[in-house]
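Note sheet for the following structure.
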Amino acid sequence: MVQSGREAFSTLHSSDFNATLRFSQQAPSILSQQHGSSANIFSIPTAENPEQHVAMEMLLLACLRAGDDKSAKLCLEQLSQRFGPSNEKIMGLRGLYKEATAEKMSDLEDCLREYDRILAEDPVNMPVRKRRVAILRSMSRPLDAISALVELLEAVPTDAEAWCELADLYQSQGMSSQAIFSIEEALLISPHSWNLHALAGELLYIGASSAEVDTSTCRLISRSIRLFSRSIELCENYLRGYYGLALATSFLLEKQSLLSISQNDSSFDTQSLPTLQKLNAFAIKKLHDLVKSRSSEYDEWEYSQSELIAAKGLLDRLKESAA
Amino acid sequence: MAVQGLEQTILRDPALFYWIMFPITVVMILTGILRHYATVLMHSPPKPASTLAESRERLSLIRGVNLRNHACAVLDKESFEQRKSYMVAAYQSGAFLKDPANRGQPPANPMTDPAGMEAMMGMMKGNMMMMIPQTLIMSWINAFFSGFVILKLPFPLTIRFKSMLQSGVLTRDLDVRWVSSLSWYFLNLFGLQSVFGFILGSDNAASQMAQQMGAMNPAAGVNPFQPGQDPDKLYRSEAENLEVMEHFCILDGIEERILHNIASKEGF
């Protein structure tokens, strides 16, 4: 079970569907094993392992993703047997299960009404409050979701997960400066997470690359280069950081050559040209190496297939534009 | 003083071992275990915030501390100044307070405030849990076993240890190596920590339950305020801390750092 717990962590944190599917297929065996041990009355009650409950929660999520509703139901029942149906987190998970198995729009609306009822009784039930945001989002009412999330963050301004979700929501509405603000708040809460740094860099890059080219976009891009660099500094082999760095530096190099004709640079605090060129070359080389070494290892390939394919695509594109 | 170089010999009944030393040790271990489980049983988790405003009042302070501690790692000057002025203004105007109307009034007396009372009761319970068994056992030992010399340490000690090892035996000439029963109790009282760690799993058993509930319920946040403390005062001091902060950013010059530290290692 401990082993599967660790596996479960990696499953949740990767967006890889294969791993999720494989993990959820183990559900019947894990569940029956649990059942067998609890059926024996004479067995000595061993100290329970907190990791076991985490693994059970992951299993629930994996089963729901893989469409195995029956096993998901069993997981939920075991958890609520242990912690009682009135536990906040269990309420949230039950809501999640209901949402996932909802077939019609009216079912979702029922869930929403249920959440509102729970929140009227206990306004600080955070798991349910978060589910409410998620359900509003999946009912494609993003503005309601944003206002619900802002209300949540008023009360709990130290929740990095919620800030990230808010950033994502704002970004989906095209409000990139708000999104950047939110991701910066999340970064203030956990300042050493390289994935958030890379994410902030991506948001800046997207915001800048979709706008018109002038000095302020250049400043945004150079900020995003700094954030990507920071994420590499925190995690040396972070593929996503190098991807962003390569992309942003090439973009800025291209644009600067356009801009520097009209105005002298160094009026704004961007990187100097030689540094940019060096960074760009370094990022591309490192990206090359990472793609090559990871593609040859089967495990790594399984784990981050989509990222590697994207990185390969970027390398090809950069080569083409250089040629 | 005892004559130097001459070994003091005392004939001890071996029954002293079975009827005094052994029972004291066993009783001490058992009370330790009992106390541990009683503490687990009586432990009440800190009460989570009951309204959104209360939760905001608690966590906004942590937000300010986070900003102060982590701003240099994340923010550039512009966004830092923006956040700083927002937080300072909100702290000073009391925008985060649970009920801004009560601002400036003296805090509720912890003796009459039910929340403060509860926290004090918790502390009381913990202290009582230590005091009562110790008093009982010590009086028990005093009544039944005082005055016995029950064991001889295998190594010599200086005279200073006499009061520690021979309490209850009032003989000036006795060698320091002899240990009295009352002292054996004290030695057990302070020396059994590692035995409890072995039996109960290094203090984890007491906190495990709380940990699990915490894992299942992350919103039950910490309360930075002690009972009877005025949040408004803490906010003001935090605002001052923020105001005097000098901004620097570790993102400055990161490109050179990357090129110097990482790229050179790759042989680039």
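If you average 1/r over all unlike Cα pairs in region A:201-323 and invert the result, what Kirkwood radius do you get in angstrom? Intermediate results must be reported in sequence, preceding the final value.
Numbers: mean 1/r = 0.0666 Å⁻¹.
Kirkwood radius, region A:201-323: 15.0 Å.
Below 12 angstrom from the Cβ of A:Ala208, what's the summed charge of the other residues (Lys, Arg +1; Asp, Glu -1)? Intermediate values should be presented prior to the final figure.
On the way: positive: A:Arg219, A:Arg223, A:Lys255; negative: A:Glu202, A:Glu212, A:Asp214.
Value of the local net charge: 0.
Between B:Phe17 and A:Leu143, the simple label model (points 7 Å from Cα in the Cβ direction) yields a spacing of 8.7 nm.
I want the local charge near A:Glu185. Using Cβ-Cβ distances under 10 Å, sum +1 for each Lys or Arg and -1 for each Asp or Glu among the other residues. Every neighbour counted, the sum reads 0.
Considering every residue in A:123-135, what mean count of other chain Cβ atoms within 10 Å of its Cβ is obtained? Mind dumping the intermediate values first?
Details: counts 7, 11, 2, 7, 4, 1, 2, 1, 0, 0, 0, 0, 0.
Whole-number average of other-chain Cβ neighbours for A:123-135 is 3.
Here the simple spin-label model places points 7 Å from the Cα toward Cβ, and for A:Gln173 and B:Met131 these points are separated by 5.8 nm.
Protection proxy ranking of A:88-95, B:83-90, by the mean of other Cβ atoms within 10 Å over each peptide's residues and highest first, is A:88-95, B:83-90. Note down the net charge around B:Arg257, summing +1 for each Lys or Arg and -1 for each Asp or Glu among other residues with Cβ under 10 Å from its Cβ. Summing Lys/Arg as +1 and Asp/Glu as -1 gives -3.
In this simple spin-label approximation, A:Lys73 and A:Ser209 carry label points 7 Å from Cα along the Cα→Cβ vector, and these lie 4.6 nm apart.
If B:Val179, B:Val169 are ordered by their accessible area, calculated over protein heavy atoms with a 1.4 Å probe, which sequence runs from highest to lowest? Mind showing how you got there, number by number?
Values: B:Val179 0, B:Val169 25 Å².
These residues rank, largest area first, as B:Val169, B:Val179.
Take the Cβ atoms of A:Ser321 and B:Ala101, set R0 to 60 Å, and the FRET efficiency comes out at 0.40. Based on Cα contacts under 8 Å between residues 6+ apart, region A:201-323 shows a relative contact order of 23 percent.
Less than 20 Å from a label point 7 Å out along the Cα-to-Cβ axis of B:Phe225: which backbone N atoms in region B:58-90 qualify, by residue? Of the residues in region B:58-90, B:58-67, B:87-90 have backbone N under 20 Å from the label point off B:Phe225. The calculated FRET efficiency for B:Leu234 paired with B:Lys77, based on their beta-carbon distance and R0 = 25 Å, is about 0.40.
For the pairs A:Lys255/B:Lys77; A:Lys73/B:Lys47; A:Lys292/A:Lys319; B:Lys77/B:Lys98; A:Lys255/A:Lys312; A:Lys312/B:Lys265, flag any whose C-alpha to C-alpha distance is greater than 21 Å.
Working: A:Lys255/B:Lys77 25 Å; A:Lys73/B:Lys47 31 Å; A:Lys292/A:Lys319 16 Å; B:Lys77/B:Lys98 31 Å; A:Lys255/A:Lys312 23 Å; A:Lys312/B:Lys265 24 Å.
Where the Cα-Cα span goes over 21 Å, the pairs concerned are A:Lys255/B:Lys77; A:Lys73/B:Lys47; B:Lys77/B:Lys98; A:Lys255/A:Lys312; A:Lys312/B:Lys265.
Max-minus-min Cα coordinates of region A:111-213 on each principal axis give 50, 29, 18 Å, with the largest extent listed first.
The values are calculated or read from the model by the stated rules, or taken from the named source; none is laboratory data. Treat the numbers as computed from the prediction; the structure is a model and nothing was measured. Reconstructed Cβ throughout: ideal geometry from the backbone, glycine too, with neighbour counts over all protein chains shown. In case anyone asks, the SASA skips ligands and DNA or RNA and just uses the protein heavy atoms, side chains included. Shrake-Rupley method; radii C 1.70, N 1.55, O 1.52, S 1.80 Å.
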